[in-house]
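Data first, discussion second: the structure below is written as C-alpha cells.
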Amino acid sequence: MNPMPKLFNWSGRFADLDSGHQNAIAQLIQEGGAINGTKDEILLRLQRTRKIAVLSEHENGRVVGVAALKTPTRNYRQKKFADAGFAITGFEEALELGYVVIHADWRGHQLSGGLVDLILHEITAPAFATTDSDTMRKNLTRSGFTRVGRDWQGNKGALSLWIFMPT
C-alpha cells in the first residue's frame, strides 16, 4: 500500500492563481458536478468568487480539492430562500459557501471539512450554503451552519438550505 501523499492548502483570490491552476480548478468543479456548464462558463463564475480555498498534492501541485465563497446574484439568493420556504430577512446580502469538490481519487479521506474551515475564517457577515450531499451536511453542522426551512428537489437530489451567523 502506497503512503498517502502530502497535501497543502492555499486560499486567496481566484485571480491571484496562474491560468494553469485556474483551469485545473474549473475542470475539477466540472468533473465533480458542482456546476453544470462548460469549463469557460465555470471560469467566468470563478472570477466572481470572493475567496477560493484549494487543496493540492505537495509533490506535483495537482489540485485535488476546492471550495469557494461566492457573491450570488440577488435573484439567485432570493430563489434559494424561497425554495426552502425560509424568510431571507438578515440574509439579503449574504455570501454563499459553495463549489466544494474533492477529486474522486481523494474522496473518503475527510478533506472537504478543512476546505470549508478555510473559507469560514473569511466570513464576517451572514452566509448560506445549499447542498444535496450528506458529507457536506455533516461538514456544515460541524462548522456552525444551521439547517433551516424545508428541503426541495434539485437536479441531483433533495437540497437543503444552511445559514451561518458569525460571532
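All conditions in (1) over 21 Å from residue 96 (Cβ atoms); (2) touching a strand residue (DSSP E or B) at 6+ places or on another chain (Cβ under 9 Å) hold for residue 11, with the sole exception of (1). Does the stretch 15-62 hold any residues that are within 17 Å of residue 116 (Cβ to Cβ) and either open to solvent by 30 Å² or more (accessible area, probe 1.4 Å) or not in a strand (DSSP E or B) (or both), and which are they? Scanning the stretch 15-62 gives 25, 28, 29, 32, 34, 49, 50. Restrict the check to the stretch 128-141 and report whether at least one residue is farther than 16 Å from residue 32 by Cβ, in contact with a Gly (Cβ under 7 Å, 6 or more places away or on another chain) and touching a residue at least 24 places away in the same chain (Cβ under 8 Å). No, the stretch 128-141 contains no residue that is farther than 16 Å from residue 32 by Cβ, in contact with a Gly (Cβ under 7 Å, 6 or more places away or on another chain) and touching a residue at least 24 places away in the same chain (Cβ under 8 Å). Restricting the stretch 63-74 to residues that are β-branched (Val, Ile, Thr) and assigned to a loop (DSSP other than H, G, I, E, B), the residue that is surrounded by the fewest Cβ atoms within 10 Å (Cβ to Cβ) is 73.
The values are calculated or read from the model by the stated rules, or taken from the named source; none is laboratory data. Everything numeric here is computed off the predicted structure, so don't read it as measured data. Here Cβ is always computed from backbone atoms with ideal geometry, including for glycine, and neighbour counts include all displayed protein chains. We work out accessible area using only protein heavy atoms, side chains counted, and drop any ligands, DNA or RNA first. Shrake-Rupley method; radii C 1.70, N 1.55, O 1.52, S 1.80 Å.
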